[in-house]
Amino acid sequence: MLRLGLAGFGTVGSGLVRILLENHEIITARTGQDISIKTILVRDLAKKRAVTAAPEVRFTTNPDDLVNDPDIDVVVELMGGIDTAKSLITRALHAGKHVITANKHLLALHGPELTALAASRGLGLFFEASVAGGIPIVQTLRESLGANRIERLVGILNGTANYILSEMTTSHLDFATALKQAKDLGYAEADPTYDIEGLDTAHKLVVLIRLAFGRDFPLQGVPVRGITQVTQMDIELAREFGYRIKLLAQARELDGRIEASVQPTLVKYTYLLARVGGNFNAVRVEGNAVGPIMLHGQGAGDTPTGSAVMADVMALCRGLAVPGWRFDNTGFGNKPLPQAEILPAEESVSMHYFRFSVADHPGVMAAISKSMAEHDISIAQAVQKGDMSGSDVPIVFLTHNAKAAAVAATIREIDAMSFTVRPTVQFPIL
């Protein structure tokens, strides 16, 4: 028998309980273990729950009831946050208990420290549910693609941001309306900052970089730009050129250095990533042996994320069934991961989308083209939109590959020109 101590009984915790109740027979058949929840740690004992736990489950507000109970084999941390969650996980590992967590923010900040502690105690630290909800990307990188040198990964890792951009694209909503709709449907939190500013995506990207490249990439080293600057005009203009705008997490290895970023990006409409709609997530991985593969599915929610937590519980069971089994929490033999050598953001190279808002004066397009040429930016397509009788028109350029430093310098120069009405909008192109 394997007994769980569950910390947190919100959306994911409720999903985990529901899966255990509904799928108990198949879970037991696959693991050979009778898995049950003994104790659930909550903040408010009187709060009504969406799911009713088994009658024998004990509720508590005291973390000691999880950490100090010798009958509890595994602590499942689903309460979120940093300090309290880190304390609970650390205490649980010191007490000899395996840990399963969905806490991507905590892992992004303190993952190496916690995995090292788990390894020193011979314990498992599992975190499939920390990235992309029900998509099994952690297990895929750590085990299924373990024979590959991962060359690149690209992901849509935040369902809230993807829902907003999808609604702006398909329903022609402006950003504020799409965000309100996401809140009304429960896809966005009351304070959606982490989602729409790209921070949640950055947390997940850091976790994936460790698994994919075997190096520790500091969270503060990830350039992050959210979707608040994306306008309906940019959505429509991108569509005319055959692109859709997605908030992408990207990482790749270039000559031993890791390039990583989170930002709105134009994706060709024929690509599978461009067609990931609503609150779904997707991750595309390129391995030198397997080639490109893509995983797509629910990126959040009670049972999708609960399914990922349950997958970790079952993986733990399989390990415990093997005498002397050594839990590999990093995918690299539990060795401390070296620090990544980071490719500076200004050296990043990609194609780009520019939208210049300019006064309707003769020679404006020529001046912009001249500035771009002087910064070694080659133009692939250009179009001037709007009523030429007006005083403010958008000019859009798509470029060939150009360095980010040259792009930034060009924007600074053109934004300082007398004919520029509003700051230039720029997004990379995948």
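Summary of computed values
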| item | result |
| --- | --- |
| Total residues in the range 232-266, condition buried (at least 16 other Cβ atoms within 10 Å of the Cβ), farther than 30 Å from Ala147 by Cβ and not charged (D, E, K, R) | 11 |
| Residue match in the range 92-112 (condition: in contact (Cβ under 8 Å) with a residue 24 or more places away in the chain, touching a Pro at 6+ places or on another chain (Cβ under 8 Å), of a type outside the set (A, V, I, L, M, F, W, C) and in a loop (DSSP other than H, G, I, E, B)) | no |
| Conditions (1) closer than 28 Å to Leu205 by Cβ; (2) not in a strand (DSSP E or B); number of the one not met by Tyr353 | (2) |
| Options Ala95, Ala129; residue that is surrounded by fewer than 23 Cβ atoms within 10 Å (Cβ to Cβ) and in the same structural domain as Gly81 (by TED's automatic domain parsing) | Ala95 |
| Scope the range 8-24; condition of a type outside the set (A, V, I, L, M, F, W, C) and either assigned to a helix (DSSP H, G or I) or surrounded by 17 or more Cβ atoms within 10 Å (Cβ to Cβ) (or both); matching residues | Gly8, Thr11, Gly13, Ser14, Gly15, Arg18, Glu22, His24 |
| In the range 150-194, the residues that are out of contact with any Leu (no Cβ under 9 Å at 6 or more places or on another chain) and of a type in the set (Asp, Glu) | Glu151, Asp174, Asp184, Glu189, Asp191 |
| Residues that are surrounded by fewer than 23 Cβ atoms within 10 Å (Cβ to Cβ), touching a residue at least 60 places away in the same chain (Cβ under 8 Å) and not in a loop (DSSP other than H, G, I, E, B), drawn from the range 68-87 | Ala85 |
| Criterion: among the hydroxyl-bearing types (Ser, Thr, Tyr), over 20 Å from Leu211 (Cα atoms) and out of contact with any strand residue (DSSP E or B) (no Cβ under 7 Å at 6 or more places or on another chain) - qualifying residue of Ser371, Ser350 | Ser371 |
| Residue that is surrounded by the most Cβ atoms within 10 Å (Cβ to Cβ) [pool: residues in the range 190-231 that are within 30 Å of Asn148 (Cα to Cα) and polar (S, T, N, Q)] | Thr201 |
| Helices (runs of 4 or more DSSP H) enclosed by the range 173-257 - at least 2 residues per element that are farther than 24 Å from Asn329 by Cα | 175-184, 193-196, 232-240 |
| Of all residues making up the range 30-51, the number that are assigned to a loop (DSSP other than H, G, I, E, B), surrounded by 13 or more Cβ atoms within 10 Å (Cβ to Cβ) and not polar (S, T, N, Q) | 4 |
| Options Val74, Val51, Val42; residue that is within 16 Å of Ser307 (Cα to Cα) and of a type in the set (A, V, I, L, M, F, W, C) | Val51 |
| Count of residues meeting criterion [buried (at least 19 other Cβ atoms within 10 Å of the Cβ), out of contact with any Leu (no Cβ under 7 Å at 6 or more places or on another chain) and of a type outside the set (S, T, N, Q)] in the range 267-284 | 4 |
| Verdict on Val383 being hydrophobic (A, V, I, L, M, F, W, C), out of contact with any Gly (no Cβ under 9 Å at 6 or more places or on another chain), within 18 Å of Thr399 (Cα to Cα) and modelled with pLDDT of 95 or more | no |
| Members of the range 76-112 that are out of contact with any strand residue (DSSP E or B) (no Cβ under 9 Å at 6 or more places or on another chain) and of a type in the set (A, V, I, L, M) | Ile82, Ala108, Leu109 |
| Residues satisfying the stated conditions in the range 113-159, i.e. among the β-branched types (Val, Ile, Thr), more than 19 Å from Asp83 (Cβ to Cβ), touching a strand residue (DSSP E or B) at 6+ places or on another chain (Cβ under 7 Å) and outside any strand (DSSP E or B) | Ile135, Ile137, Thr140 |
| Given (1) more than 18 Å from Arg121 (Cβ to Cβ); (2) at pLDDT 95 or above; (3) assigned to a loop (DSSP other than H, G, I, E, B), index of the condition Ile27 fails | (3) |
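The values are calculated or read from the model by the stated rules, or taken from the named source; none is laboratory data. Model, not experiment: these values are computed from the prediction. Positions of Cβ are backbone-derived with ideal geometry, glycine not excepted, and every protein chain shown enters the neighbour counts.
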